[in-house]
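Visitor: I have a structure I would like to understand better, so I am pasting it below and will then ask my questions one at a time.
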Amino acid sequence: MKILVLGETSRDIGESLSAISSIEGDRVVALFSTSHDEASRASALGYKVYHLNTRNTEAAYKLLVKVYEAESPGLIVSVSTKNPRDVLSRLAGLLDLPLATNVRKISVGDGKIVYERAVLSERSISLEEADPPAILLVMPRLFKPIAGEGQGSIEELEPSEEPAARILEVKRKELGGARIEEADVVVGVGRGFRRREDLRLAFELAELLGGAVGGSRPIAADLKWLPEDAWIGISGKRISPKLYIAVGISGAPQHMAGVSGSKIIVAINKDKSAPIFRYADYGIVADLYEILPILIRKLKERKGLG
Amino acid sequence: MGDLVVLVKAALNPELVRSSDGDRLDLDSVPLKLSDIDRNAVEEAARLKSILGGKLYSITVLTWGPASLREKDLRLAVQEALAKGVDEAIVVADDSAVPGDQVLTANIIVGAIKSLGLKPDIIIAAEESIDEGTGQIPGRVASKLGFPYVSFVRKIDVSDGKIIVERDLEEVVEVVEAPLPAVVSVTQEINDPRPPTLIQIRRASKKPIRTLKLSDLNVEPVRKRAIRELRIIKEERKGVVIEAESVDKAADRLLEILESEGILK
Ligand SMILES: Cc1cc2nc3c(=O)[nH]c(=O)nc-3n(C[C@H](O)[C@H](O)[C@H](O)COP(=O)(O)OP(=O)(O)OC[C@H]3O[C@@H](n4cnc5c(N)ncnc54)[C@H](O)[C@@H]3O)c2cc1C
């Protein structure tokens, strides 16, 4: 079965190629990017690269339709990031192809594409099968990108018409470099914090424990009290520290799925019926404004700083 | 002046997944609720209606059956959308469309728009649902109708026949201009929807709900994927709530635990 891999970076393409490593068949790549350097890195993975040279999703979709017609793949794979999801949902609609996201495992058997994916805000795993041609988007950062072997050719594809939806401006987001994925201890802050300044309590606690501060989606994405690289959950980052302390976080499934790899989860919440207590190892029913200063003082005393 | 359409899903509630037999999900026992970000979509659609005028329709396709068991959950989800500003709800509840298949769902939505003669200026939907979470329906609908599509939108401005939106991507925000009619998917951050008031709920009960079958729409029940099995992910956690006579004592207890777990030295 021929497989078409779509991605915005050579790294993402490497992850998708790794997700399908046990499936036989030719591979071709479509890179959705305006970077020629990225195109040559992608070609170093060893397969032919169609370079969709645009940043517009509508234009990329139209170019991808041409690649699809030229190659007739039985399977299209990408990492589940936003622009590929946009482009591939359009292709799926045009051709009535099945499409699944959050895929963790792919195989082919009896002419069907068989895959496992997380559903229900990652409370469940769904084992599914689809008729080829099918589109599967794999979970980001789950597969280790394959190492390059050889040199594929690059075919440049430029949009032939002006798309109806035009990009007027691109604004880069400010990221904080919190590196919560690597920290041994993460203090997670939620909407239980009333003011941005109060996050100081979390930073002080994290520092005393040698850890980093992350937050729930409303804190990072909506209120923007933390940069988005500190966003924990299914639509943010997945972390697996030795200790995760959730402070003023209710415990929504979309948040908890991002911390399920933690060794120990501690929850601090003033509402004793908050769902987070069901998903924690240790819970304390307390007002964060009362308990955090006490914990900070006691930790300082232990370190002889008090 | 055209209409507005908002796509509304009655989704499986992930907070209430249950199993009666090991880790197999007992699908029929999981209740449905209005999918979280659909609230944001309805709120935004109502705001756009206040600017653009026209009539606001919702379209709901039942994707979890059996239809007879889902009537109440489905009605509650649709009524919440009606309470928050939808003028007329279109519901397709048909056992030949469950469990849902996104190829079919998109065909049903487009079939409903065409056969009811709706002329939407904007079709608005959530970035993804809380159950399947694929976010593919708005993109499918856009390419079937040949409309421009802007996804993951956290801000919409309307001005003379076009929209200017902010697409919220992983590393950048893209400002995009699109002509109408268009399909828009919105993120949870686009607004802060409030629950409907009692008066809104009462008014909603008088609004029309039109229930349709596939045969009314001339849509074939095609199916391109099958769910073989659904398993619950079991989270093994200790679930100990530290009881102490004071917050100070509770803090001591927590530090002792962290020490015995080898985290504090
Ligand atoms: C498709 C989808 C994807 C999502 N992705 C994510 C994601 O990646 N990450 C994520 O986090 N969320 C995500 N969400 C949102 C998620 O559903 C919740 O809305 C969110 O996690 C809630 O954040 P929170 O716990 O900070 O706020 P809330 O739910 O408002 O909880 C605040 C908590 O603080 C407690 N509290 C209040 N005051 C105090 C005090 N003084 N002391 C102690 N406790 C206090 C309250 O009791 C409450 O439990 C997603 C939602 C959807 C639909």
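The values are calculated or read from the model by the stated rules, or taken from the named source; none is laboratory data. All figures in this text were calculated on a predicted structure; none of them were measured in a lab. Methodologically, a virtual Cβ is constructed for each residue, glycine included, from the backbone with ideal geometry; neighbour enumeration extends over all protein chains shown. All accessible areas refer to the heavy atoms of the entire protein, side chains included, with ligands and DNA or RNA removed. Shrake-Rupley method; radii C 1.70, N 1.55, O 1.52, S 1.80 Å.
Visitor: Would you mind calculating the relative contact order of chain A from Cα pairs under 8 angstrom and at least 6 residues apart, reporting the percent as a whole number?
Guide: Numbers: 670 pairs, mean separation 44.5, N = 306.
Averaging sequence separation for qualifying contacts and normalising by length gives 15 percent for chain A.
Visitor: Sort A:T34, B:T134, A:T9 by heavy-atom solvent-accessible area, probe 1.4 angstrom, most to least.
Guide: Numbers: A:T34 75, B:T134 10, A:T9 45 Å².
Reading off the accessible areas and sorting them downward yields A:T34, A:T9, B:T134.
Visitor: Hey, any idea what % of the range A:180-302's accessible area is carbon plus sulfur with a 1.4 Å probe? All intermediate terms of the calculation are to be shown ahead of the outcome.
Guide: On the way: 2290 of 4670 Å².
With neighbouring chains kept in place, the figure for the range A:180-302 is 49 percent.
Visitor: What is the percent carbon and sulfur in the accessible area of the range A:3-157, measuring with a 1.4 Å probe over the protein chains and ignoring ligands? Don't skip to the answer; put the middle values down first.
Guide: Working: 2440 of 5170 Å².
Here carbon and sulfur together make up 47 percent of the probe-accessible area.
Visitor: Distance between the C-alpha centers of the range B:118-160 and the range B:202-228? Whole Å please.
Guide: 19 Å
Visitor: Here's something else I'd like to know. With an 8 Å Cα cut-off and a minimum separation of 6 or more residues, compute the relative contact order for the range A:3-157 in percent.
Guide: On the way: 336 pairs, mean separation 50.4, N = 155.
Answer for the range A:3-157 is 32 percent.
Visitor: Right, something else. With point charges of +1 on the Cβ of Lys and Arg and -1 on the Cβ of Asp and Glu, referenced to the Cα centre of the protein assembly as shown, which listed residue (A:G258, B:A46, B:T187) lies farthest in the positive direction of the dipole?
Guide: Towards the positive end, the residue furthest out is B:A46.
Visitor: Please go through the residue pairs B:K55/B:K155; A:K66/B:K213; A:K62/B:K55; B:K144/B:K213 and name each one whose alpha carbons sit more than 25 Å apart in this structure.
Guide: Over 25 Å apart, Cα to Cα: A:K66/B:K213; A:K62/B:K55.
Visitor: What FRET efficiency do you get for A:V65 and B:D26 if R0 is 56 Å and r is their Cβ-Cβ distance, rounded to the nearest 0.05? Numbers along the way, then the final one.
Guide: Details: r = 41 Å, r/R0 = 0.74.
After rounding, the FRET efficiency stands at 0.85.
Visitor: List the lysines whose Cα sits under 19 Å from the Cα of A:K105, skipping any in the same chain fewer than 8 residues away.
Guide: A:K2, A:K144, B:K224, B:K234
Visitor: With the Cα gyration tensor of the range B:172-265 in hand, give its eigenvalues times 5 under a square root as the equivalent ellipsoid semi-axes, listed largest first in whole angstrom. Write out the running numbers ahead of the final one.
Guide: Working: eigenvalues 494, 128, 99 Å².
Taking √(5λ) for each Cα gyration eigenvalue gives 50, 25, 22 Å.
Visitor: Given H placed 1.01 Å from N in the peptide plane, which residues other than close sequence neighbours of A:K237 have an amide H under 5 Å from its amide H?
Guide: Here the answer is A:W231, A:I232, since their amide H atoms fall under 5 Å of that of A:K237.
Visitor: If you don't mind, another one. Taking the alpha-carbon centroid of each part, what is the distance from the range A:30-61 to the range B:26-77 in angstrom?
Guide: Centre-to-centre (Cα) distance: 38 Å.
Visitor: Can you give me the long-range amide H partners of A:Y47? Hydrogens built in the peptide plane at 1.01 Å from N, cutoff under 5 Å, separation of 5 or more residues or another chain.
Guide: A:G152
Visitor: While we're looking at this one, here's another question. Pairing the Cα long axis of helix A:10-19 with the longest principal axis of chain A, what angle in degrees results, from 0 to 90 and rounded to the nearest 10?
Guide: 90 degrees
Visitor: To the nearest 500 deg cm²/dmol, what mean residue ellipticity at 222 nm is calculated for the protein assembly as shown from DSSP H runs of n ≥ 4 alone, each contributing -39,500 (n - 2.57), summed and divided by the residues? Could the numbers behind the result be given before it?
Guide: Details: 14 runs with 158 residues, N = 571.
Helix contribution divided over all residues of the protein assembly as shown: -8500 deg cm²/dmol.
Visitor: Over the protein assembly as shown, what number does the Rg to Rh ratio reach, with both radii from the alpha-carbon atoms and Rh per Kirkwood? Can you show the working numbers first?
Guide: Details: Rg = 24.3 Å, Rh = 24.9 Å.
Here Rg/Rh amounts to 0.98.
Visitor: In the full protein assembly as shown, how much of A:L168 is accessible to a 1.4 Å probe, in Å² to the nearest 10?
Guide: That residue has around 80 Å² of solvent-accessible surface.
Visitor: Same structure again: Could you tell me what percent of the accessible area of the range B:3-217 is made up of carbon and sulfur, with a 1.4 Å probe and every protein chain present? Please list the in-between numbers first.
Guide: Values: 3960 of 7850 Å².
Ligands and nucleic acids excluded, carbon and sulfur give 50 percent.
Visitor: Compute the angle between helix A:57-71 and the longest alpha-carbon principal axis of chain A, please, reported from 0 to 90 degrees and rounded to the nearest 10.
Guide: Taking Cα atoms only, the helix is inclined about 50 degrees.
Visitor: Using a 1.4 Å probe on the protein heavy atoms only, what accessible surface does B:F147 show? Give it in Å² to the nearest 10.
Guide: So the heavy atoms of B:F147 present about 40 Å² to solvent.
Visitor: Further, regarding this structure: Accessible area per residue, 1.4 Å probe, Å², for the protein assembly as shown: what's the number? The partial results should precede the final answer.
Guide: Details: 23260 Å² over 571 residues.
I get 41 Å² per residue for the protein assembly as shown.
Visitor: I'd like the FRET efficiency for B:S215 and B:S68, computed as 1/(1 + (r/R0)^6) with the beta carbon distance as r and R0 of 25 Å, rounded to 0.05. Provide the component values of the computation, followed by the final result.
Guide: Working: r = 18 Å, r/R0 = 0.71.
The pair B:S215/B:S68 has a calculated efficiency of 0.90.
Visitor: Provide the buried accessible surface between chains B and A in square angstrom, both chains summed, 1.4 Å probe, rounded to the nearest 100.
Guide: Values: alone 14760 and 15710 Å², together 23260 Å².
Accessible area lost upon association: around 7200 Å².
Visitor: Checking the cross-link filter: which lysines have an alpha carbon closer than 17 Å to that of A:K298, excluding same-chain neighbours under 8 positions apart?
Guide: Answer for A:K298, where 17 Å is the Cα cut-off: B:K249, B:K265, listed by chain and number.
Visitor: Here's a follow-up. To the nearest 10 degrees, how steeply does helix A:288-302 sit against the main Cα axis of chain A, on a 0 to 90 scale?
Guide: Orientation of helix A:288-302: about 80 degrees from the principal axis.
Visitor: Rolling a 1.4 angstrom probe over the protein chains, ignoring ligands and nucleic acids, what is the accessible area of A:S40 in square angstrom, nearest 10?
Guide: Solvent-accessible area, nearest 10 Å²: 60 Å².
Visitor: Under 5 Å between amide H atoms, partner at least 5 residues away or on a different chain: which partners does B:Y149 have, H built in plane at 1.01 Å?
Guide: B:V183
Visitor: Same structure, new question: Can you give the charge dipole size of the range A:160-291 about its Cα centre, rounded to the nearest 20 debye, using +1 on the beta carbon of Lys and Arg and -1 on the beta carbon of Asp and Glu?
Guide: Values: 19 positive and 18 negative charges, 48 e Å.
It works out to roughly 240 debye.
Visitor: Just to be sure I understand the rule: take each whole DSSP H helix in chain B, project its Cα atoms onto its long axis, keep it if the span is 18 Å or more and its mean Kyte-Doolittle hydropathy is at least 0.0. Which ones pass? Before the final figure, lay out the partial values.
Guide: Numbers: long enough: B:36-52 (25 Å, -0.29); B:67-83 (24 Å, -0.06); B:102-115 (19 Å, 1.18); B:247-260 (20 Å, 0.04).
What comes out of the filter, once short or polar helices are dropped, is B:102-115, B:247-260.
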